[in-house]
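The values are calculated or read from the model by the stated rules, or taken from the named source; none is laboratory data. Being a predicted model, the structure only gives us computed values, none of them experimental. Here the Cβ is made from the backbone with ideal geometry for all residues, glycine too, and neighbour counts use every protein chain on show.
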Amino acid sequence: MIELKNITKAYERVTPLNNVSTVINDGDVIAVIGPSGCGKSTLLRMINLLERPTSGKIFVDGTDITAPGYKEYEIGRKIGMVFQSFNLFGHLTALENIMIPQMDLLGKSKQEAYDRAMQLLHSVGMDSRALQYPHMLSGGQKQRVAIARTLALDPEVILFDEPTSALDPTMVGEVQTVIRELAKTGITMMIVTHEMKFAREISSRVFFMEEGGIYEDGTPEQIFENPQKTLTRRFIRGLKVFDTVIDKKNYDFIGVMTDIEQYGQKIRIEKKAVYVLQSIFEELCQQILLKHNPDYKIRFAVEYSEKDDKLKVIVSYNGDLFDPENTDNVISLSILKSRITTLKYAQSPDSAFRNMVFIDI
Ligand SMILES: Nc1ncnc2c1ncn2[C@@H]1O[C@H](COP(=O)(O)OP(=O)(O)OP(=O)(O)O)[C@@H](O)[C@H]1O
Ligand SMILES: [Mg+2]
């Protein structure tokens, strides 16, 4: 079991991990997903001490591996890592790459190391290439040797950091097959990947990383089919988002109109659709909401799904509870309704915005 307690990693300019706590149980197969730069690699590198946290503690089977005096090489044996770039020794054959760490780190005899290496090469379908050097192997083959090398140290946990992203597309499948087989053995694994289909089918648990930490932690069914939180949903559905907050009485109306237009150009929707978005903003935010309560803080968000070419608007606002259907500005309400398919009002007393309006166009 691995326990992260209040882990923060701060670099000079960014803090990819901010007070992260979680427990990784034996046998978990965790897919780690999230946008580029959100700290996925940093999280993995922290767990096997390739990097040290700025603050916080990591316990592996009850031992504080971040404590001063802990011998870092011990964690390298317990927790193996497979890198995007294979990291094989070029001057050693595939076989030697797998034998030598066993002799150096586990004190095995040459024969023992050889037997285990051949068995592992067989299990990743590489026994016929045992005597070849890395430069004679394809990317997919190199990665399979690298996985065998990691397994040779009998780790309790394996961390994969985008194991297939440096590969030619034709070789992704063979490496994924090896990892999939490994996942069935019950070994604890964490896999950073941008391949959502693979993440979904292999994992028992998914970390979606955003905003300096594990933003949503759930089963693959939850994360991929029924994400509970806004940013997860946007990421999973590949939504292109426009988001603006108006909290001053004299906000820049023309500025918002221009921003919506630029957003429309960026996501390449028709001019007509841009006009609809602008008029939703004008009728709902300007004519109905701000006329009802000029002190409302309003968030105007648009989500565009490329996949089904659909636009959604979510308007949330804080202040008194007010359903726009109850406005006395019936003209604006009927203009608004003529341009959209559905309008739904909901209250969420816990959130920063108590009123929410969901609009499908
Ligand atoms: N050694 C470093 N020094 C300074 N900043 C770093 C260092 N390593 C990573 N970062 C920064 O920390 C943030 C998180 O990086 P990380 O590599 O963990 O992201 P990631 O989620 O793995 O992204 P990707 O999907 O692109 O691999 C990024 O903004 C990155 O630029
Ligand atoms: Mg990374």
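The figures follow:
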| quantity | calculated |
| --- | --- |
| Filter result for the condition that a residue is surrounded by fewer than 20 Cβ atoms within 10 Å (Cβ to Cβ), more than 19 Å from L151 (Cα to Cα) and of a type in the set (D, E, K, R), over K57, K40 | K57 |
| Filter result for E74 (of a type in the set (D, E), within 16 Å of ligand 1 (Cβ to nearest atom) and surrounded by fewer than 22 Cβ atoms within 10 Å (Cβ to Cβ)) | no |
| Helices (runs of 4 or more DSSP H) completely within segment 124-218 that count 3 or more residues being surrounded by fewer than 21 Cβ atoms within 10 Å (Cβ to Cβ) and out of contact with any Leu (no Cβ under 8 Å at 6 or more places or on another chain) | 169-184, 196-202 |
| Filter pass, E51 being under 30 Å from L231 (Cβ atoms), over 21 Å from the mean Cα position of the chain (by Cα) and within 16 Å of ligand 1 (Cβ to nearest atom) | no |
| Inter-residue pairs, beta-carbon under 8 Å, first touching a residue at least 24 places away in the same chain (Cβ under 8 Å) and in segment 262-282, second among the acidic types (D, E), 6+ apart | I267/E306 |
| Failed condition for Q84, given (1) at pLDDT below 95; (2) within 16 Å of ligand 2 (Cβ to nearest atom); (3) surrounded by 19 or more Cβ atoms within 10 Å (Cβ to Cβ) | (3) |
| Cross-chain or 6+ apart pairs with Cβ under 9 Å, segment 33-54 first and closer than 17 Å to E3 by Cα, then within 9 Å of ligand 1 (Cβ to nearest atom) and among the hydroxyl-bearing types (S, T, Y) | T42/Y11; E51/T42; T54/Y11; T54/T15 |
| Of all residues making up segment 15-31, the number that are within 16 Å of ligand 2 (Cβ to nearest atom) and surrounded by fewer than 13 Cβ atoms within 10 Å (Cβ to Cβ) | 0 |
| Matching residues, segment 319-328, being at pLDDT 95 or above and surrounded by 16 or more Cβ atoms within 10 Å (Cβ to Cβ) | F322, P324, T327 |
| Test: residue in segment 261-275 that is surrounded by fewer than 14 Cβ atoms within 10 Å (Cβ to Cβ), within 29 Å of the chain's Cα centre (by Cα) and not in a helix (DSSP H, G or I) | yes |
| Residue check, R116 in the same structural domain as F198 (by TED's automatic domain parsing), over 30 Å from D217 (Cα atoms), away from ligand 2 (no atom under 16 Å from the Cβ) and basic (K, R) | yes |
| Pair list, Cβ < 8 Å and 6+ apart or interchain, from segment 150-173 residues that are more than 25 Å from P101 (Cα to Cα) and assigned by TED's automatic domain parsing to the domain that holds F207 to residues that are part of a loop (DSSP other than H, G, I, E, B) and within 16 Å of ligand 1 (Cβ to nearest atom) | S165/Q84; S165/T193; S165/H194; M171/T164; V172/T164; V172/E195 |
| Yes/no for K40 being at pLDDT 95 or above, under 26 Å from D217 (Cα atoms), of a type outside the set (F, W, Y) and within 16 Å of ligand 2 (Cβ to nearest atom) | yes |
| Yes/no for K9 being in contact with a Pro (Cβ under 8 Å, 6 or more places away or on another chain), of a type outside the set (V, I, T) and within 16 Å of ligand 2 (Cβ to nearest atom) | yes |
